[in-house]
1. Can you send over the solvent-accessible area of residue 238, 1.4 Å probe, protein chains only, in Å² to the nearest 10?
2. Just to verify a number: what accessible area does residue 254 come out at with the full protein assembly present, 1.4 Å probe, Å² rounded to tens?
3. Modelling each spin label as a point 7 Å along the Cα-to-Cβ direction, I'd like the residue 172/residue 78 distance in nm, to one decimal.
4. What number comes out for accessible area per residue over the stretch 1-136 if the probe is 1.4 Å? Units Å², please.
5. Probe radius 1.4 Å, ligands and nucleic acids left out: which of 88, 20 has the largest accessible area, and how do the rest follow?
6. For the pair residue 525 and residue 55, how long in nm is the line joining their label points, each one 7 Å along Cα→Cβ?
7. Report, by chain and number, residues whose modeled amide H sits under 5 Å from the one on residue 531, excluding near sequence neighbours (fewer than 5 apart, same chain).
8. Please list, ordered by chain and number, the residues whose modelled amide H lies under 5 Å from the amide H of residue 515; skip anything fewer than 5 residues away on the same chain.
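The values are calculated or read from the model by the stated rules, or taken from the named source; none is laboratory data. Keep in mind that what you see is a predicted model, and the values were worked out from it rather than measured. Glycine gets a Cβ as well: all are built from the backbone with ideal geometry, and neighbour counts include every protein chain shown. For accessibility, only protein heavy atoms count, side chains too; no ligands or nucleic acids. Shrake-Rupley method; radii C 1.70, N 1.55, O 1.52, S 1.80 Å.
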Amino acid sequence: MSELNWGETLWDQWDRVQEHTEHGLEFTKKCQEFVRDRIKVEIDYAKSLRGLKKRYKLKNAEDDAGNFSTIKAYNVFLGQLDLIARDHEIVAEGLQEKVAERLKSVQKETTNNRKNLCNTANQLQHEYKEWQVVLERNQQKYEKAAKEADAAGQAFGRVNDDMNATKAQVEKSRSQMSYRQDLMEKSKGDYIIAVETTNNNQHEYYHQRWPGLINQMQRCEENRIEELKSILIEHCNIQSSILPHITTCIETMTESCEKISPAEDSELLMEERSNQPYPGDHMFMEWNSKAPPSAFGSHNNSTRKTKRDRKKTKVNKEGLENLPPEKRKKAFKEKIKEIEGKINIQLKARGALEEILELYSQKPELGSVEAMEDSRSQMDDITQTLERLQEELYKYQCYLAALMDKTAPDKPHIGSHLQADAVSITSSVSHISHVSASHSGDAELPPPDQMSPNEFDPVSPTTNEFNSDTYYEGSYEVPDNNVPPPSAPVTGLSANNQCSVLYDYVAQHDDELDIWAGEALSIVEDNGTGWVKAKRNDNEIGLVPGNYIEYVELYS
């Protein structure tokens, strides 16, 4: 706080003090708005840098041109732009946390303190006015009493000097004069006390309470300025703390530019030369009218044929036949790794479809026949893609083995395990379609022993090209029921009736009930779909096939 204080120099300029502190609050609010927009600028700039990188990123990242020094330097530029964008996001986060929030707190605290001090000042001014009113009232009362006392004294003098006045009149006048004099003395005492009290209060007001209040206002304002100073310095520190990293990014860009070498780019280009021989000299050919037309100028055809053969060879070896051995070996390994990655992606996709089909097989109500067919179509597409990738992988494995003077790997049986998976999925789809229809009421659930073999084996080896060793038999679970059930389901069941279980049945879904032959159940609901909701004595409720139970009518 400064040596000079507002209480001594500005004690009579309260309006000016109020105006000054009000402007201080407005300035703090202005700083808040500035920081808010400053943060927005940083965020927008970071977003623009990222958009710039994305917009101008090279599309053919795996192209051979990516090995040239200019392309490498350009890619470094784009990578450093992303880091610089992150730096500006860090600046925005720091400004929000360490500047914007502190400014908000200072603004709120200063506003509350100033409001409380202004209220206290209003109270002091009100008390000061009350002291003046009390003093003025006692002064007026004393003046009135003095005037009345003088009037009473003059009246007594006149009565006393009057020879015709009676003794009673004289005594009454004397008594009135004494009374007025007593009132005057009392009013005088009250007035003296009021003057002393007012002077004391006024001295305390102007030398202690009022200056102290203004000094508190000064401290509040100076604290606001000190906090604002600290916040603005923190703003600069946040900005400067990130500059070294941005400078490092720029230095990295510069270093990448210094590594640009036209000679190395030319050498890299020449490493991919074709090494084709120069065309031979043209021979003069004597014109012979008896020779076939194609014989003349055959050298041109030979040249074109060489070019076609060269182009074909380049395609077959993927343009890698002219690379040095080490680079060719590296290129083959990268290609094999890339193909294996694609195969893994396809296998994961196939695994996901298998899980979906398995879920639908367990809960038919979640799927439909159309969804199963669509999944099977997707599985076929994945199978074809995997076959193509396997062939391509084997081709590059052979290239690499020949380059390393090793024995070529055995050619795998392309798609054998994929065919087996297709058979399993087809069986699952058939089962799901059948179970879904049973639960929906479109078809009755036939007992296992009445089903034909083809219903359990929709793609049995007799009707398909696959061998038995590639066929998965566990795609459909058959309940172990030994006794053939009745030919038709029981109908006409009503609630609160009893039924007797004829044959064992193992629940295939969560909403079904395991039952055993000879067991008695209570009927809860029968909607005529072939499935009956039943309850066991232990209050276990679930669906059971209507043709596995026998209706027992209760008599009252």
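1. Surface open to solvent at residue 238 totals about 20 Å².
2. 70 Å²
3. 12.3 nm
4. Accessible surface, normalised per residue, equals 67 Å².
5. Accessible-area ranking of 88, 20, largest first: 20, 88.
6. Taking the two extended label points, one gets 6.1 nm.
7. Result for residue 531 returns 546.
8. For residue 515, whose amide H was placed from the backbone, the distant partners under 5 Å are 505, 507.
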